[in-house]
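First the structure, in the form of structure tokens, and then the observations on it.
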Amino acid sequence: MKTFYISTAIDYVNGSPHLGHAYEKVLTDVIARFRRMMGDDVYFLTGTDEHGQKIQQSARAKGIEPQAFVDSIAPQFEEMCAKLEISNDDFIRTTQDRHKQVVCELLQKLYDKGEIYKAEYKGYYSTRQEQFLQEKDRNEDGTWPEIFGEVSEITESNYFFKLSAYQQWLIDHIKSHPDFIFPRYRAKQVLEFLSEPLNDLCISRPKDRLEWGIPLPFDPEFVTYVWFDALTNYYSAVADKPGIWPATFHVIGKDILVPPHAVYWPIMLQASGIELPQSILAHGWWSINGSKMSKSTGNFVEPIEFVDNYGVDALRYFLIREMSVGQDSDFSLDQFLVRYNSELANNLGNLVNRTLNMTNRFADATIPAVADEGEPEAALRALWPKTRDEVIGLFEEFQFNMGLERAFAFITATNAYIEQRAPWKLGKSEDPVDQALLRTALATMAEALRLGASLLLAVIPGSVAKIHGVLGYSAEGDWKSQLEWDHRLTGNAVEKTCILFPRPEKKS
Ligand code: ME8
């Protein structure tokens, strides 16, 4: 079986992790966990991008060496992954020797093949963006947009990679591989970019302008510039692990699809004779309270702190439930608290507590066997396979928000079933018919809870393990085989209580 190799973008370490970083990790983790549950052999990579001018500048501003600087920041990203319960198999840092070595091998190979050449370059350069600008980047009045900061005209020698030679090949590849870019509508954006002549890619910076990078193996007076270094992480991390490459999914944000991931990366691989990834999944961006995230204006969410305040599953759930993969979304504490209270605490949390309370009160804390099923039980049981198949189908298409909606509709239906059966009334009756109905009701709610929770496993794994635990259930065998309505909990001892989503104190 081909390994399902999935990666996130590697994050710049010139600041602490933010909500966008957290979302991408959680989204990729949900896909990784879901594929594992579906039986795939998953390999999951994430990491940090640690070279470049901005990092050099940030280190200088602090008066320390760039290596010491990145060594102080990268652990925050690893800590964020641990806090978010990300199930990555590896964490790559572009300052590691294993990475630098593969970047050099790739560069040398392309240089030997004549795909990389040296040329004089004259142009307008933005120090802030670390890029040469083009005439089309100017404002209408001839000035440069503010985002470029100071712009000066410079001439320098640099190394270039022959992108243009592969333009037609890439257009053909994208057209003949409809799954190469996901969501599919984004392929249009790539093809539009490719409808203009492609310039060769400048892949170096002279050492006197940028020291903090990987020296070119064939000319140590130059260092490798951003993308050739960063993109190669996906390959360098597994270069010594047979059977993992090519990647199945690169998960990235929409801002780095065109041109880096959809143009530079496939061409770099094709020119090196390395197989291409199967798919690139570009997700949308989060704003916060309707505006762009910005640390300087305080419009910022610290994921690690947020998890400490509200719990990991509450954040994981919100990020996946709120955003439709590929589209943009807005994060606000109010909206988070609405979902937290109504969906997690009142709907799911309530079902767990009712099930435990009533099983304790009326059945000696032991899940009874079903007696006779009536119409309400049959209706809920019939809803189950429909829900299960729909949720799996939606998850396979990365429509996690819709899948969660369906799963929660089943939880809602289970709560409604409990209202209808009112076991608290049946428990007061001595009538054997009512007693039988009570046993059936307790068994049915426990089974519906076990199954409903199982559908949430990829998104809120810790909470699902807790729910299953308090039902005395240890899920065994493959995930899909656990999704049968078969009352396998009969006779299990249940716990007294389970605190999953305590009422949060509103913190700003
Ligand atoms: O781009 N909402 O690093 P990065 C959602 N090092 N996602 C967001 C976001 C937001 N508001 N802001 C950023 C880089 N992201 C490079 C990548 S890959 C070989 C090199 C996403 O730290 C962004 O789209 O700026 C990207 O996928 C990831 O966070 C890292 O961004």
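Some points to look at:
- Any chance I6 is β-branched (V, I, T) and near the ligand (Cβ under 8 Å from one of its atoms): no
- Scope the stretch 102-140; condition assigned to a loop (DSSP other than H, G, I, E, B) and over 25 Å from T232 (Cα atoms); matching residues: Q134, R138, N139, E140
Conditions tested, residue by residue: (1) modelled with pLDDT under 95; (2) within 14 Å of the ligand (Cβ to nearest atom).
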site	(1), (2)
T48	no, yes
Q57	yes, no
E65	no, no
E78	no, no
A82	no, no
Q96	no, no
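- From the options G15, G20, residue that is within 13 Å of the ligand (Cβ to nearest atom) and modelled with pLDDT of 95 or more: G20
- Of the strands (runs of 3 or more DSSP E) lying entirely inside the stretch 3-101, those containing at least 1 residues that are of a type in the set (S, T, Y) and surrounded by 20 or more Cβ atoms within 10 Å (Cβ to Cβ) are 4-7, 42-49.
- Just one of the listed residues (F193, F228, F218, F222) is within 16 Å of the ligand (Cβ to nearest atom), at pLDDT 95 or above and not polar (S, T, N, Q), namely F228.
- Selection status of A32, within 20 Å of Q129 (Cα to Cα), among the aliphatic types (A, V, I, L, M) and away from the ligand (no atom under 15 Å from the Cβ): no
- So F336, is it in contact (Cβ under 8 Å) with a residue 24 or more places away in the chain, of a type in the set (F, W, Y) and within 30 Å of P432 (Cα to Cα): no
- Residue check, W212 within 15 Å of the ligand (Cβ to nearest atom), farther than 21 Å from T3 by Cβ and either assigned to a strand (DSSP E or B) or not β-branched (V, I, T) (or both): yes
- Flag if L437 is buried (at least 21 other Cβ atoms within 10 Å of the Cβ) and within 17 Å of A382 (Cα to Cα): no
- Residue within the stretch 192-201 that is surrounded by fewer than 16 Cβ atoms within 10 Å (Cβ to Cβ), in contact with an Asp or Glu (Cβ under 7 Å, 6 or more places away or on another chain) and not in a helix (DSSP H, G or I) present: no
- Looking only at residues of the stretch 315-335 that are under 22 Å from G298 (Cα atoms) and among the aliphatic types (A, V, I, L, M), we find that the one that is surrounded by the most Cβ atoms within 10 Å (Cβ to Cβ) is L319.
- Residue ID - farthest from the ligand (Cβ to nearest atom), chosen from residues in the stretch 321-347 that are farther than 21 Å from L27 by Cβ and not polar (S, T, N, Q): A345
- Any hit, the stretch 471-478, residues being part of a helix (DSSP H, G or I), surrounded by fewer than 22 Cβ atoms within 10 Å (Cβ to Cβ) and without any contact (Cβ under 8 Å) to a residue 24 or more places away in the chain: no
- Hits in the stretch 246-264 (condition: farther than 17 Å from T28 by Cβ and near the ligand (Cβ under 8 Å from one of its atoms)): P260
- Flag if I116 is surrounded by 16 or more Cβ atoms within 10 Å (Cβ to Cβ) and at pLDDT 95 or above: yes
- Considering residues of the stretch 274-308 that are in contact (Cβ under 8 Å) with a residue 40 or more places away in the chain and over 26 Å from E78 (Cβ atoms) only, the residue farthest from the ligand (Cβ to nearest atom): Q278
- Any chance L269 is within 30 Å of L45 (Cβ to Cβ) and either free of Cβ contacts under 8 Å to residues at least 40 places away in the same chain or within 14 Å of the ligand (Cβ to nearest atom) (or both): yes
- Test: residue in the stretch 137-155 that is under 21 Å from P259 (Cα atoms) and in contact (Cβ under 8 Å) with a residue 60 or more places away in the chain: no
- Filter result for K386 (within 30 Å of L319 (Cα to Cα) and of a type outside the set (F, W, Y)): yes
- Count of the stretch 487-508 residues which are among the acidic types (D, E) and surrounded by fewer than 11 Cβ atoms within 10 Å (Cβ to Cβ): 1
- Lone unmet requirement of (1) farther than 30 Å from F336 by Cα; (2) in contact (Cβ under 8 Å) with a residue 24 or more places away in the chain for M323: (1)
The values are calculated or read from the model by the stated rules, or taken from the named source; none is laboratory data. Not measured: the values here are computed from a predicted model. Backbone-built Cβ (ideal geometry, glycine too); neighbour counts: all protein chains shown.
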